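Computed from the coordinates by the stated procedures, all read-outs in this text should not be read as laboratory data. A quick note: this is a predicted structure, and the numbers were derived from the prediction, not measured. Here the Cβ positions follow ideal geometry from the backbone for every residue, glycine too, while neighbour counts run over all protein chains shown.
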């Protein structure tokens, strides 16, 4: 990240920045021998350029950033200067945006994401038959709704429906483009639950969120792809709608620490109907455990996966975030490879 920020500050052209992103994303995924890949996408053509203020220090939009030497990521020097996502959204501006929306689907640009296109080309060159996963939300990630939007559920439901329709329309257009570009799996939904259960009532989930999920899944299936619901948290209070009525093919970010455990998923019939994409604990084991503890959890997870009639793909319970120990990530991949009698990763 420090190299990228320096390059942006030095005036790197967008084309060169995108090419570097393609090479980096491809190299990482190839090294770890992944089977299904999700890419971060190209930087914006009009990306904001940071100003370099010292070694591993920059300023962007008035906020000071530095390189965190522990995790090698660029982050605000003073985190309190960066507002939370929900506070960046103004209720008045959101209302105006909804009022201006004409209800039409955006015109498709037809431009495939250059990082996807570039990585596909490199993989084809090297004979790698990867499955590509797009990640496209349609306004249903209620965990990210600002407080005023949660109030709209009760006070102004029609306004919230129009906001969701606006996001859904753009998301459906992006879904069509991604599938035509070669993404045979589309991750949808977004976070709807925390450890204690859904962020909104099961009744509101059924009324506002489920219909959009069903429509998105139907579109994905009609184009010959698979739909994967992506959300951590405890979904048991909305089990029927989330897993069964939604029509999804897979479930990703299986949050073991929130109670979405293998024994219960098997007992409740979820693993019989839906492909489980998990369930290595990214909250505790990958951050605090030893490599030997990680290897044991991988083997246990794979043993459970072989009992799942809906299928299983090994995956963390969330993203591989900055607090995951590098040694533990290597331990996951090598334990998987050992389980299936594959060669270990190169040193």
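Only Cα pairs under 8 Å and 6+ residues apart enter the sum, and on that basis the relative contact order of the stretch 213-293 stands at 27 percent.
At q = 0.20, 0.22 Å⁻¹, what log₁₀ I(q)/I(0) does the stretch 105-163 have when each alpha carbon counts as one equal point scatterer in the Debye sum? Cα-only, vacuum Debye calculation for the stretch 105-163: -0.84, -0.92.
Here the spin labels are modelled as points 7 Å beyond Cα on the Cα-Cβ line, and at residue 47 and residue 16 they lie 1.3 nm apart. Ranked by the mean number of other Cβ atoms within 10 Å of their residues, highest first, the peptides 288-300, 136-148 come out as 136-148, 288-300. Largest first and in whole Å, the equivalent-ellipsoid semi-axes of the stretch 1-71 read 25, 15, 10, each the square root of five times a Cα gyration tensor eigenvalue.
Taking one quarter of the surface of the convex hull spanned by the alpha-carbon atoms of the stretch 225-300 gives a direction-averaged projected area of 5.3 nm². With the gyration tensor restricted to C-alpha atoms of the stretch 31-101, the semi-axes of the equivalent ellipsoid amount to 28, 23, 13 Å, longest first. Provide, for q = 0.10, 0.15, 0.20 Å⁻¹, the log10 of I(q)/I(0) from a solvent-free Debye sum over equal Cα point scatterers in the stretch 216-347. One equal scatterer on each Cα of the stretch 216-347 leads to -0.33, -0.72, -1.13.
Give the separation of the Cα centroids, the stretch 134-148 to the stretch 25-76, in Å. Going from one Cα centre to the other spans 23 Å. Given axes a ≥ b ≥ c from the Cα gyration tensor, I'd like to know whether the stretch 189-237 is rounded (a/c under 1.5), prolate (a/b larger than b/c) or oblate. Judged from the Cα gyration tensor, the stretch 189-237 comes out oblate (a/c at least 1.5, b/c at or above a/b).
Highest-first packing order for the peptide set 312-321, 12-21 is 312-321, 12-21, based on the mean count of other beta carbon atoms within 10 Å. Expressed to the nearest 5 percent, the antiparallel share of DSSP beta bridges inside the chain is 40 percent. With contacts taken as Cα pairs under 8 Å at a separation of at least 6 residues, the chain carries a relative contact order of 12 percent.
Summary of the geometry: the stretch 280-347 and the stretch 157-217, compared by the centres of their Cα atoms, lie 29 Å apart. Average 1/r across all pairs of distinct alpha carbons in the chain, invert it, and you get the Kirkwood radius: 22.0 Å. Working from label points 7 Å from Cα in the Cα-to-Cβ sense, the residue 64 to residue 345 distance is 3.5 nm. If the Kirkwood radius is taken over C-alpha pairs of the stretch 21-144, then at 25 °C and 0.890 mPa s the Stokes-Einstein diffusion coefficient equals 132 µm²/s.
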